[in-house]
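The values are calculated or read from the model by the stated rules, or taken from the named source; none is laboratory data. Keep in mind it's a predicted model, so treat the numbers as computed, not measured. Cβ sites come from the backbone with ideal geometry, for glycine too, and all protein chains shown count toward neighbours. Each accessible area value is taken on the protein alone, full model and side chains, heavy atoms only, with ligands, DNA and RNA left out. Shrake-Rupley method; radii C 1.70, N 1.55, O 1.52, S 1.80 Å.
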Amino acid sequence: MPDSQPQPPDGAPADTTALLLRGARLTDGRTVDVRLSGGRIEAVGTAGSLSPHSARVDLNGFLLLPAPAEPHAHGDTALTADTPGPVSYATEDVQRRATEAALLQLGHGATAIRAHVRTGDVQGLGPLEAVLQARRSLRGLADLTAVAVPRLLTGVAGADGLAILRDAVKMGAGVVGGCPDSDPDPAGYAEAVLKVATEHGCPVDLHTHGDDPARLARLAAMVGGLRPGVSIGPCAGLSQLPREVASRVADQLAAAGVTVVCLPQGGCEAVEQRGHAPVRLLRAAGVRVTAGSGALRDVSNPVGRGDPLEAAYLLAAQGGMRAQEAYGAVAGAAREAMGLPEVRVEAGFPAELLAVRGEQLAGVLSLAYSRIVIHRGRVVARTSAVREYCDSAAAVALELPRQGRQDTGPSGGP
């Protein structure tokens with residue numbers, strides 16, 4: 001990555017929209033300054049080379065990364081695990097939960113979130129309306145996209161669900177989703193979803209356990225070449241199939257351009273989670289694999305964190321992926337699956353960044369405590385952690401690692 005862009009002359013007025021990130025460490029080991037302006041990375045240069053004609057944040061001791069994205073959240077059911085009695089789906093309650101959940105995930109680093117929202121049944125389009133209101137309230141902090149998830153789409157019982165699905169897209173749902181496994185006619189359900197998506201030019205994101213190879217093969221045949229794209233997940237059932245069968249299915253998914261969104265932190269209410277998707281097998285076949293959080297402290301996972309770095313940690317610790325690959329699954333691959341622009345720490349790319357205290361990516365995935373989140377060129381969230389030891393003399397003598405606060409400089413806070 002070359003140093004880029006000439007610097008403004010001495011005495012030039014400060015750019016009030018600009019932000020200078022000083023002394024950030026990159027994954028290739030270099031320490032650089034990064035200047036942001038207009039929501040993009042304007043310049044990258046060696047440490048100390050960029051003139052500070054702007055607000056600045058000191059990133060000494062931090063690793064600077066492209067921000068992760070969250071491809072699979074459930075904002076309508078989030079934070080309900082400890083709710084006494086029936087969960088309220090009143091618009092104001094769902095909006096509050098969806099907003100709080102999105103802010104929690106933003107604090108972890110996810111500047112773009114895809115939230116699956118159930119439609120139909122008793123609640124109708126109420127939860128979707130609430131999530132869309134949350135999206136509006138989060139503008140400038142995080143990008144939230146709603147996925148409409150109908151329960152039934154076939155037969156007499158599915159007629160209403162199909163009409164509501166079309167209404168959901170007209171309301172503002174950006175993705176057509178659903179769970180074919182829960183419909184009496186899974187193939188018919190998938191066909192209905194694909195038809196609505198084609199009519200409106202929407203991406204498709206389906207829940208499936210993935211334990212039926214014939215069903216997955218048929219889905220791959222139906223969606224081959226569909227644009228803007230199809231994602232399925234969590235597909236944990238693929239790991240329970242004989243290896244040669246799973247490999248054949250993986251080849252079919254790869255040929256169709258289908259993305260698999262696994263949920264290493266646990267499942268979600270829409271599909272039973274037993275085990276984890278075979279990420280190495282899928283990647284070897286050429287399938288784009290990304291990872292989402294799934295349930296965030298609801299009945300499906302009462303301790304769900306909604307943390308993309310934890311998802312990456314689990315992909316490395318349990319899925320056999322290298323740290324770089326695991327982080328790529330929650331960052332670059334997630335953004336690509338969600339149709340978002342690529343992010344690199346290079347001039348000209350979107351300023352969607354995450355700074356995490358640490359020197360190397362493996363250490364960051366192990367101990368990702370202090371974080372600074374940047375969305376559209378602005379610091380929007382900050383988490384600070386301090387580690388201290390009761391015997392400070394021994395800690396100093398042994399040079400034990402310590403989390404500490406840094407001076408952020410003017411306008412460094414969110």
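Points worth noting:
- Count of the stretch 18-37 residues which are assigned to a loop (DSSP other than H, G, I, E, B) and closer than 25 Å to residue 369 by Cα: 5
- Number of the condition not met by residue 297 [criteria: (1) modelled with pLDDT of 95 or more; (2) on the phi > 0 side of the Ramachandran plot]: (1)
- Residue in the stretch 196-206 that is assigned to a loop (DSSP other than H, G, I, E, B), surrounded by fewer than 19 Cβ atoms within 10 Å (Cβ to Cβ) and more than 24 Å from the chain's Cα centre (by Cα) present: no
- Pairs meeting the criteria (first residue in the stretch 337-348 and under 14 Å from residue 290 (Cβ atoms) and in contact (Cβ under 8 Å) with a residue 40 or more places away in the chain, second residue of a type outside the set (Val, Ile, Thr) and open to solvent by 50 Å² or more (accessible area, probe 1.4 Å), beta carbons under 7 Å, at least 6 apart or on different chains) are 337/288; 339/228.
- Residue in the stretch 257-276 that is out of contact with any His (no Cβ under 7 Å at 6 or more places or on another chain) and in a strand (DSSP E or B) present: yes
- Of the criteria (1) surrounded by 17 or more Cβ atoms within 10 Å (Cβ to Cβ); (2) in a loop (DSSP other than H, G, I, E, B), which one residue 228 fails: (1)
- Among the residues of the stretch 355-383, those that are among the hydroxyl-bearing types (Ser, Thr, Tyr), closer than 21 Å to residue 112 by Cα and surrounded by fewer than 21 Cβ atoms within 10 Å (Cβ to Cβ) comprise 369, 383.
- Among (1) in contact with a helix residue (DSSP H, G or I) (Cβ under 9 Å, 6 or more places away or on another chain); (2) in a loop (DSSP other than H, G, I, E, B); (3) touching a residue at least 12 places away in the same chain (Cβ under 8 Å); (4) not polar (S, T, N, Q), the one test that residue 165 misses: (2)
Yes/no per residue for (1) surrounded by fewer than 24 Cβ atoms within 10 Å (Cβ to Cβ); (2) aliphatic (A, V, I, L, M); (3) at negative phi; (4) at pLDDT 95 or above:
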| position | (1), (2), (3), (4) |
| --- | --- |
| 104 | yes, yes, yes, yes |
| 109 | no, no, no, yes |
| 116 | no, no, yes, yes |
| 122 | yes, yes, yes, no |
| 127 | no, no, yes, yes |
| 135 | yes, no, yes, yes |
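- The single condition from (1) modelled with pLDDT of 95 or more; (2) assigned to a helix (DSSP H, G or I); (3) closer than 30 Å to residue 281 by Cα that residue 176 fails is (2).
- Residues in the stretch 269-313 that are surrounded by fewer than 21 Cβ atoms within 10 Å (Cβ to Cβ), more than 14 Å from the chain's Cα centre (by Cα) and under 26 Å from residue 363 (Cβ atoms): 280, 283, 303.
- Among the candidates 264, 278, 308, 242, residue that is without any contact (Cβ under 8 Å) to a residue 12 or more places away in the chain and more than 21 Å from residue 118 (Cα to Cα): 242
- Test: residue in the stretch 130-148 that is more than 24 Å from residue 200 (Cβ to Cβ) and among the hydroxyl-bearing types (Ser, Thr, Tyr): yes
- Exactly one residue among 249, 260 is within 19 Å of the chain's Cα centre (by Cα), within 24 Å of residue 194 (Cβ to Cβ) and surrounded by 24 or more Cβ atoms within 10 Å (Cβ to Cβ), and that residue is 260.
- Residue selected from the stretch 137-162 under the condition assigned to a strand (DSSP E or B) and of a type in the set (Val, Ile, Thr), by the criterion nearest to residue 67 (Cα to Cα): 145
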